[in-house]
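First up is the structure itself, then whatever we jot down about it.
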């Protein structure tokens, strides 16, 4: 992954913190934050968005501290990462509403969900169904790419999901 010196330092930090963690598909976990970072970078977002993407799971899944995130980022990055972190006992409606108040958190969460939807193609049917339903309930209005990716994931399930018949109408006609 190419980026500025600041992004490279953030990548090294995130890589160290995620060391030893693996994705469902078997790859090293750091490949996910890197992919999320690449998505926001390719969408034209700058360093703060890219670093937030690299850090989006640190507070939730590693021993990283808020102080360490500040060291490699700034207050805006820390705020966005905190919004992206699911706290124990979180309420999904509040979690999503809070993310939507912060542009960095919203763009990173959109890229995160998009990457996870694409990767979920290798998961079992039960996980796919759960992930499709959660995406439809909470993330469908985040971006047109989410709509396309959730439809692709739903179509990968052998038994059609009758409760998602609206997925088989043209995406442009979806009411969200």
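None of the figures in this text is laboratory data; all of them are computed from the coordinates on show. Not measured: the values here are computed from a predicted model. So basically every Cβ, Gly included, is an ideal-geometry build from the backbone, and we count neighbours across all protein chains shown.
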**Study point:** Estimated [θ] at 222 nm from DSSP helical runs (n ≥ 4, -39500 (n - 2.57)) normalised by residues in the chain, nearest 500
**Key:** -18000 deg cm²/dmol
Review point. Label residue 19 and residue 152 with points 7 Å out from Cα along Cα→Cβ: what is the distance between them in nm?
Key: 3.4 nm
Practice item. With a 10 Å radius around each residue's Cβ, average the other Cβ atoms per peptide and rank 106-112, 94-100, 69-75, highest first. Key: 106-112, 69-75, 94-100
Review point. Helix 75-84: angle to the longest alpha-carbon principal axis of the chain, degrees 0 to 90, nearest 10?
Key: 30 degrees
Exercise for review: Could you list the residues of region 51-89 with an amide nitrogen less than 13 Å from a label point located 7 Å from the Cα of residue 9 in the Cα-to-C-beta direction?
Suggested key: 68-74
Exercise for review: Would you mind getting me the FRET efficiency between residue 100 and residue 42? Use the beta-carbon distance for r and R0 = 22 Å, nearest 0.05.
Suggested key: 0.50
Exercise for review: Please give the peptides 50-62, 138-150 ranked by average Cβ packing (other Cβ atoms within 10 Å per residue), highest first, as a rough proxy for protection.
Suggested key: 50-62, 138-150
Review point. Using a ≥ b ≥ c from the Cα gyration tensor of region 1-94 (square roots of the eigenvalues), is it rounded, prolate or oblate, where a/c under 1.5 gives rounded and otherwise the larger of a/b and b/c decides, a/b for prolate?
Key: rounded
Revision key, fill the gap. The relative contact order of region 106-163, taking Cα pairs under 8 Å that sit 6 or more residues apart, comes to a percentage of 41 percent
Review point. How far, in degrees from 0 to 90, does helix 31-42 lean away from the longest principal axis of the Cα atoms of the chain, to the nearest 10?
Key: 90 degrees
Practice item. Using only Cα atoms, locate the centre of region 100-122 and the centre of region 21-74, then give the distance between them in Å, rounded to an integer. Key: 12 Å
Exercise for review: Take every Cα pair under 8 Å in region 1-157 that's 6+ residues apart, average their separations, divide by the length, and report that relative contact order as a whole percent.
Suggested key: 20 percent
